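The values are calculated or read from the model by the stated rules, or taken from the named source; none is laboratory data. Remember, predicted model here, so these are calculated numbers, not experimental data. Cβ placement follows ideal geometry from the backbone for every residue including glycine, while neighbour counts extend to all protein chains displayed.
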C-alpha cells in the first residue's frame, strides 16, 4: 500500500480503485511470470480516450487551422516518442512492473513499453472517475506540448526540425551519440542522446539508430520550444 501511495503521488492522481492502477502499470512480461492481469486491454481503451481529448483540445484552441494540419498536430502529440517524453514527467518508466527478461533487456527505457503503459494509465483513470477527470489530467500533462505544437513544421521529422532551430539560434550543430546498444541482432535496442557541444538536449530509444535519433531529436525539439514559450 505504501508503494501504491508513492506511485499515486508521482502521477498526480489518487485512485478510488487501486486495482486499476496496478493493472495499468503491469506489463505482459510481469503478468506472465506472476499470473495476473496485464495492461493491454487498458492500453486499447486509453489510446482512444487520448485521441479524443487531444482532438477536442486542438479543435477548440486552433479554430483557424484546417483538418489536415490538425491531424498532423494530433499525430505528433500522440505518437510513441511524444508519449514516452510526456511519461517521463511522472517517472512512469520506473513505475512499470516488468518481467525479469524485459527488465534485463532495457524495457524500462523502451519507448513502446512506456507509451503503452501511459495509455493504459489514461484508461485506468477514466474507469476510476470518468471523462472529466481524465481530461483534466491529460490536459495538465500536455499543456506546454499543445502550446508548442502549433509552431512545428516537420511532423515526425524531428532531426530536420531540430537542426533548423539550432541554425536559427547561433548556427550550432547537433550530434547523436549512442549511449547504449542492447539485445540480440534481430532485437536490437539503441539509446541515443542528441548533443550540442557538451549538453544533452534529448534522449531516445529505438530498434534502429535512426529511430532512436528521431526520438532523441523529438525530445530536444519539445524542450527548446517549451523554453522559448
Open item on the list: Looking only at the stretch 1-21, count every residue that is surrounded by 15 or more Cβ atoms within 10 Å (Cβ to Cβ), touching a residue at least 40 places away in the same chain (Cβ under 8 Å) and assigned to a helix (DSSP H, G or I) and tell me the total.
Closed with: 4
TODO: Kindly provide the set of residues from the stretch 99-138 that are free of Cβ contacts under 8 Å to residues at least 40 places away in the same chain and closer than 17 Å to residue 203 by Cβ, ordered by number.
DONE: 108, 112, 114, 115
- [ ] Being closer than 17 Å to residue 145 by Cβ and assigned to a loop (DSSP other than H, G, I, E, B) narrows it down to one of 86, 90, 54, so name that one.
- [x] 90
TODO: State whether the residues of the stretch 27-50 include one that is within 24 Å of residue 223 (Cβ to Cβ) and touching a residue at least 60 places away in the same chain (Cβ under 8 Å).
DONE: yes
Open item on the list: For the structure I just gave you, tell me whether residue 105 is in contact with a helix residue (DSSP H, G or I) (Cβ under 9 Å, 6 or more places away or on another chain) and modelled with pLDDT under 95.
Closed with: yes
Open item on the list: Take residue 17 and tell me if it is under 20 Å from the mean Cα position of the chain (by Cα) and in the same structural domain as residue 78 (by TED's automatic domain parsing).
Closed with: no
Task: Where a residue in the stretch 176-188 is at positive phi and touching a residue at least 24 places away in the same chain (Cβ under 8 Å) and its partner, wherever it lies, is in a loop (DSSP other than H, G, I, E, B) and surrounded by 12 or more Cβ atoms within 10 Å (Cβ to Cβ), with Cβ under 7 Å and at least six apart - done: 183/105
TODO: Find the residue count for the stretch 48-70, including only residues that are touching a helix residue (DSSP H, G or I) at 6+ places or on another chain (Cβ under 9 Å) and surrounded by fewer than 18 Cβ atoms within 10 Å (Cβ to Cβ).
DONE: 10
